[in-house]
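The values are calculated or read from the model by the stated rules, or taken from the named source; none is laboratory data. Computed from a predicted model, the values in this text were never measured in an experiment. Note that each Cβ is placed from the backbone with ideal geometry, even for glycine, and that neighbours are counted across all protein chains shown.
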Amino acid sequence: MGSLYEGDQIEDIPAPHPLVEGLLDYDSIAQWYGPSGHGKSAIVHSVALSIAMGVPWYGHRVHRGRVLYVAAEGASGYGARHMAWKAHHRISHVSGIDYLTVAPNLTEKEDLDAILRVVEERQPQFTVLDTLARHIPGGDDSTGPTMSIMVEALDAIKRITGGCASTVHHTGLATTDRSRGHTSLLGALDHSIRIVRGQNRIIDVYAAKNKNHRDGYSVIKMQLHEIADSIVAIEDDSLTPNERLCLEVLGICPVSGGIETQLEGPAWIQSHTWEAASLAKGISHASHFRYVDKLVALGFVEKNGPQYQVSRGE
């Protein structure tokens, strides 16, 4: 059997290859989720265009590949968003991305077969189904059978292309911590990326699940920038490089042990532990506490007495 490996032979399987370094891999299934109106589609669209053109995504190296973007919500606004992205990046022409403005009903075999034929023909390395709900009209995403339809469709796209098949989904009304619906989708994911707008309209792009890499941390802070009659997602510029370093240091502070120990998720860190980690990175005592005050004021960091943690963006 070609898939049976004995002992050390398992090491011969190639490691996951990054599509967007630190964020997405080839041969993966991804979910982007967050509350309605928090900028999910704008951010995912910016990732899609970066992949199509091979443009680094705000410090993350990108491997260029074809994109299929199913813009099933607000399709009429994507032309303006497309132009806004070009204007911001000073690019005159974009190729390598196909837009589909009507969502296939994945609960219907005819529609599923049709989208898979498009995928077979175009071979996108990044596919976006925006949003999940639009692709299962009339279905109940809280049930296993309905969500299994989505999982099987994403898995089929991944098998055909060897790329990343992703969907955009909403959170429930009660929490922004997890996406809405049955847990069978979460179990199938390689990447789960939460997008939540917090204080001062700053958007937190948070790696909630990253099967083969570090997770439980804020990947980037972003803003929606107005250009002409549309918007483009850009990196938040409210922090200096040293302030960002101070924030990054908090994200890898240990609950116990060495400074470089990485956490699986946000944890409360003692003030003196964070200060020691900052000093080890060359940040002075006075600067550290000045940066801490600003990070708390802007909502990047939460404070609980003498303890701090990276904001969850809620």
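Table for the structure above
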read-out	value
Selection within the stretch 64-85 - within 27 Å of residue 120 (Cβ to Cβ), outside any helix (DSSP H, G or I) and of a type outside the set (Phe, Trp, Tyr)	64, 65, 66, 67, 68, 70, 71, 72, 73
Whichever residue in the stretch 126-148 is assigned to a helix (DSSP H, G or I) and touching a Gly at 6+ places or on another chain (Cβ under 7 Å) and, among such residues, is surrounded by the fewest Cβ atoms within 10 Å (Cβ to Cβ)	146
The stretch 86-115: number of residues that are in a loop (DSSP other than H, G, I, E, B) and in contact (Cβ under 8 Å) with a residue 40 or more places away in the chain	5
Selection from the stretch 281-311 of residues that are touching an Asp or Glu at 6+ places or on another chain (Cβ under 9 Å), surrounded by fewer than 16 Cβ atoms within 10 Å (Cβ to Cβ) and assigned to a loop (DSSP other than H, G, I, E, B)	281
Number of the exception - residue 37 against (1) touching a helix residue (DSSP H, G or I) at 6+ places or on another chain (Cβ under 9 Å); (2) under 27 Å from residue 141 (Cβ atoms)	(1)
Residue within the stretch 179-188 that is modelled with pLDDT of 85 or more and more than 20 Å from residue 50 (Cα to Cα) present	yes
Selection count where residues are within 20 Å of the chain's Cα centre (by Cα) and modelled with pLDDT under 80, scope the stretch 142-178	5
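Residues checked against (1) loosely packed, with under 14 Cβ neighbours inside 10 Å; (2) modelled with pLDDT under 85; (3) under 28 Å from residue 31 (Cβ atoms):
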{"residue": "213", "(1), (2), (3)": "no, yes, yes"}
{"residue": "230", "(1), (2), (3)": "no, no, yes"}
{"residue": "248", "(1), (2), (3)": "no, yes, yes"}
{"residue": "259", "(1), (2), (3)": "no, yes, no"}
{"residue": "277", "(1), (2), (3)": "no, no, no"}
{"residue": "313", "(1), (2), (3)": "no, yes, yes"}
